[in-house]
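Report on one structure; see the data block that follows.
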Amino acid sequence: PPPSTTHAEVAVAALHRLARALVAERGLEGSPPVEQLALHLELDLRRGDPRAEAASLVAALARRVDDALVAAGSWRQGHVYCFQCDAPGCRHARPPRASAAFAGYSATGKPVWQGFAELCIDRGDERTARIFGDRPEVIALVQPGDALHVDVLPTFAGTGRPLAVLGQVVAGLLPASYASELGRDPHGAPSAPERVAMTVQVVDLPGARRGGRLRLNLIGTSWDAIAKAHADEGHKSSAQGLRSALAAARHRLQAQSRHLAKRGGDLHAVVEPVLADLQRDIERVFRGHRWRTRHAEHRHRSGERPTIAAVSEARSAPTQRLLFDTERKTLVVLGRKGRAHVFSPDGRHVTSLQLGAGELERKTDRGRWRSVPEVDAARFRAALEARRDRS
């Protein structure tokens with residue numbers, strides 16, 4: 001080879017040794033190897049002082065190594081980054097149950113998880129009741145990144161963050177078959193399948209090079225779970241439509257990452273239209289694919305229509321027949337003949353269902369349904385009467 005190539009090979013090998021030495025000095029040998037990091041450097045040969053240039057090179061390379069290692073170590077698909085623990089793999093980083101969506105960060109940077117229905121109620125979304133209908137709908141909400149970080153104290157919100165959530169779409173509730181680990185919670189304990197809240201984040205990894213700085217983080221479900229749901233549902237399934245919508249969003253983010261690397265730009269201006277389109281696409285995908293809940297299917301086969309008696313049974317129910325659903329933040333009225341009616345705290349009827357054998361005992365024993373204090377029962381009855389007066 002010509003002398004220039006030989007010199008270049010020697011220089012590259014020396015840079016590899018220098019980068020590995022910097023990693024070792026920081027005690028980060030367990031991090032991704034240097035060979036997996038994309039390190040971009042600029043050399044200014046006009047200085048003419050090899051010692052000064054060497055010091056400048058070491059400082060620049062050290063910054064690049066730090067940024068790249070932090071980005072590589074902070075990114076974990078299916079998890080959110082916990083700033084309180086400074087890690088993406090702690091017990092706070094995954095939803096505690098299938099129906100929980102990421103709702104933002106606490107003051108100390110710990111991820112906050114919230115039931116999807118409760119999140120919709122807090123947002124004032126009038127479509128919330130449709131989630132629990134006989135043929136449930138899937139609805140989606142867009143949350144900007146600023147709203148997710150708004151409660152974080154300055155101590156935990158410094159400029160040295162390894163990543164930032166630029167925004168997200170939360171959607172639900174999807175069928176239980178979409179869960180990333182169907183039938184198991186994040187800590188491996190067995191649990192009954194439940195419908196799924198999907199959180200789709202756009203994450204900014206400023207130090208990342210390979211794969212681009214903008215990433216799509218899928219939480220609550222996974223690419224594999226969606227593929228399996230598609231195989232189970234067959235041709236033209238909602239799962240196939242969801243996979244296509246997510247793939248389109250990921251492709252757009254990759255293209256924008258390349259554009260930002262070359263020309264810069266406003267990250268939020270780039271991300272907002274991607275999230276808006278993804279919200280619309282998710283709702284469109286599921287609009288034609290509604291399904292009966294287990295309780296609705298039971299009623300359909302038996303010919304029962306317990307919704308007719310919902311309001312009258314709620315008005316006459318004694319306090320001991322009222323229960324609070326700790327997951328959905330709704331009130332459950334135990335009616336006659338095994339019926340149960342679900343209401344929002346403000347007295348709006350959400351759905352009715354027929355309880356299966358032993359179902360009431362299972363829910364109360366697990367603490368999912370709890371007794372209602374008399375003051376809350378009185379408040380609920382007042383809300384029912386106020387609704388009757390308005391109707």
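The values are calculated or read from the model by the stated rules, or taken from the named source; none is laboratory data. In this text the structure is predicted, and so the values were computed from the model without any measurement. Because the Cβ atoms are built from the backbone with ideal geometry, glycine has one as well, and the counts that use them run over all protein chains shown. Accessible surface areas use protein heavy atoms only, side chains included; no ligands, DNA or RNA. Shrake-Rupley method; radii C 1.70, N 1.55, O 1.52, S 1.80 Å.
Being under 21 Å from N217 (Cα atoms), at pLDDT below 75 and open to solvent by less than 50 Å² (accessible area, probe 1.4 Å) is the requirement here; does S99 meet it? For S99, the condition - under 21 Å from N217 (Cα atoms), at pLDDT below 75 and open to solvent by less than 50 Å² (accessible area, probe 1.4 Å) - is not met. Do the conditions hold for R301, that is, is it among the basic types (K, R), touching a Gly at 6+ places or on another chain (Cβ under 8 Å) and at pLDDT below 90? No.
A residue that is closer than 28 Å to D125 by Cβ, acidic (D, E) and at pLDDT below 90 occurs somewhere in segment 382-389.
On inspection, A21 does not qualify as crowded, with 20+ Cβ neighbours inside 10 Å, over 30 Å from A179 (Cβ atoms) and either among the small types (G, A, S) or at pLDDT 70 or above (or both).
Taking the conditions (1) in contact (Cβ under 8 Å) with a residue 24 or more places away in the chain; (2) part of a loop (DSSP other than H, G, I, E, B); (3) open to solvent by 30 Å² or more (accessible area, probe 1.4 Å) in turn, V142 satisfies each one other than (2). Among the residues of segment 320-363 satisfying the criterion of being among the polar types (S, T, N, Q) and within 28 Å of the chain's Cα centre (by Cα), which is modelled with the lowest pLDDT? Selected residue: T351.
Screening A197 against (1) at pLDDT 90 or above; (2) more than 30 Å from A129 (Cβ to Cβ); (3) touching a Ser or Thr at 6+ places or on another chain (Cβ under 7 Å) leaves a single unmet condition, (2). Tallying residues that are buried (at least 17 other Cβ atoms within 10 Å of the Cβ) and at pLDDT 85 or above within segment 267-282 yields 9. If you go through segment 334-381 and keep only what is open to solvent by 20 Å² or more (accessible area, probe 1.4 Å), touching a residue at least 24 places away in the same chain (Cβ under 8 Å) and among the small types (G, A, S), you end up with G356, S371. Applying a threshold of 8 Å to beta carbon distances and a minimum spacing of six or more residues, or different chains, the list of pairs starting in segment 149-161 at a residue that is within 17 Å of A103 (Cβ to Cβ) and ending at one that is surrounded by 11 or more Cβ atoms within 10 Å (Cβ to Cβ) and at pLDDT below 70 reads H149/A157. Within segment 310-333, the residues that satisfy the criterion of being surrounded by 15 or more Cβ atoms within 10 Å (Cβ to Cβ) and assigned to a loop (DSSP other than H, G, I, E, B) are A317, E327, R328, K329.
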